[in-house]
Amino acid sequence: MLKYEVMNTCIRVFADSDQINRCREDLKSKEEGFLELADVLNLAGNAVRLKILYLLKQENELCPCDLSDILGMTVPAVSQHLKKLKDAGIVTTKKSGQTIFYSVEAQSQRIISSVLDLFNLPNSIPAL
């Protein structure tokens, strides 16, 4: 069996300290955005939650019963996914009588739209 060694050396002659500092500052200024996006992508990385977000974006709002019927899942199973999305601040609720309607939180709209818009690009998501 061959053994591979990872080289932790760099062969550059001169470091561009201005570039390094500029990139560090750029990342630092966007840290909150990276964390927020990572949280959203982590939650949306589940196929069911991704479908729920897609449906909420398309329909603006749906109740757990509607989502249950559409997804062919039990209401408690759908509710568990909705709870995770709500706890993360990605979806919000509105009560009408005894029915609770879910929608994508206004602050998450841009991120969710960016992710879900990949479905509209030709050849962007290969069929499995």
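Derivation of every value follows stated rules applied to the coordinates shown; laboratory data play no part. Fair warning: this is a prediction, and the values are worked out from it, not measured in the lab. All Cβ positions, even for glycine, are placed from backbone atoms using ideal geometry, and neighbour counts span all protein chains on display.
Summary of computed values
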| quantity | calculated |
| --- | --- |
| Greater than 25 Å apart at Cα, pairs in Lys28/Lys84; Lys57/Lys86; Lys57/Lys83 | Lys28/Lys84 |
| Fully extended contour minus Cα-Cα distance, from Tyr54 to Ala77, at 0.36 nm per residue | 6.6 nm |
| Exposure proxy order (Cβ contacts within 10 Å, fewest to most) of Tyr102, Tyr54 | Tyr54, Tyr102 |
| Order of Ile112, Ile90, Ile11 - criterion: other Cβ atoms within 10 Å of each residue's Cβ, fewest first | Ile11, Ile112, Ile90 |
| Cβ-based net charge around His81, under 14 Å, with every Lys or Arg adding one and every Asp or Glu removing one | +3 |
